[in-house]
1. Please compute the net charge surrounding Ser3, taking Lys and Arg as +1 and Asp and Glu as -1 over other residues with Cβ under 13 Å from its Cβ.
2. What order, most packed first, do the peptides 67-75, 106-114 have when packing is the mean number of other Cβ atoms within 10 Å of each residue?
3. Just to confirm a number: summing +1 for Lys and Arg and -1 for Asp and Glu over residues other than Met55 whose beta-carbon lies under 10 angstrom from that of Met55, what do you get?
Amino acid sequence: MTSVSRADIDRLLRRHGIASTAVKGSDTEAAAKGGRIASIAVARNDGRDVLSLTMGETRMEASCPLDEGRASSLVHSLQEQKKLPADDGSFVRMLVDLLVKVSQMYAESEAYSLTLDSVHLHPDSYHIGRVVMLRETPLHVAPRRESEGKDRRATFSQRHRTDQRFHS
């Protein structure tokens, strides 16, 4: 097994819309203290991929890849056990979205295991303390081009509304 480099992990996090730990001055940096602390892990277990969410002594599992419905079910189970606030819809949506994105990142990277440790969950933000990804083969994620208008292959979706007529 080979460990994926920090730079490649940060690129994968950004590519999947997960707040990276490398962004200075962001909401994720401010959320590094307090909140509810969780651990999210995805790994192969008995020939199938399993995502586990651990909060304190409570651990919930679901098969991966995770869709919104199964992620919601996982979060609602934690709410029933009083590990998460039951009355905060935005918190639930944020955590469901994070779980789905982590699941997609794991599946698309063809990792053997992916672990997010010290995930501080707040009502409106989260902070990921450490990410470890193991693969059977090395992974190199090419950086994306910066969007400065210099990419000639970029496409822009434009809508031409020549069929509309304006009446006075």
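Rule-based calculations on the coordinates, nothing more; no lab input. On a predicted model such as this, the values are computed, not experimentally measured, just so you know. Here the Cβ positions follow ideal geometry from the backbone for every residue, glycine too, while neighbour counts run over all protein chains shown.
1. On the way: positive: Arg6, Arg130, Arg135; negative: Asp8, Glu136.
Combined, the nearby Lys, Arg, Asp and Glu give +1.
2. Values: 67-75: 16.6, 106-114: 18.1.
Highest mean packing first, the order is 106-114, 67-75.
3. Values: positive: Arg36, Arg59, Lys83; negative: Glu57.
For residues surrounding Met55, the net value is +2.
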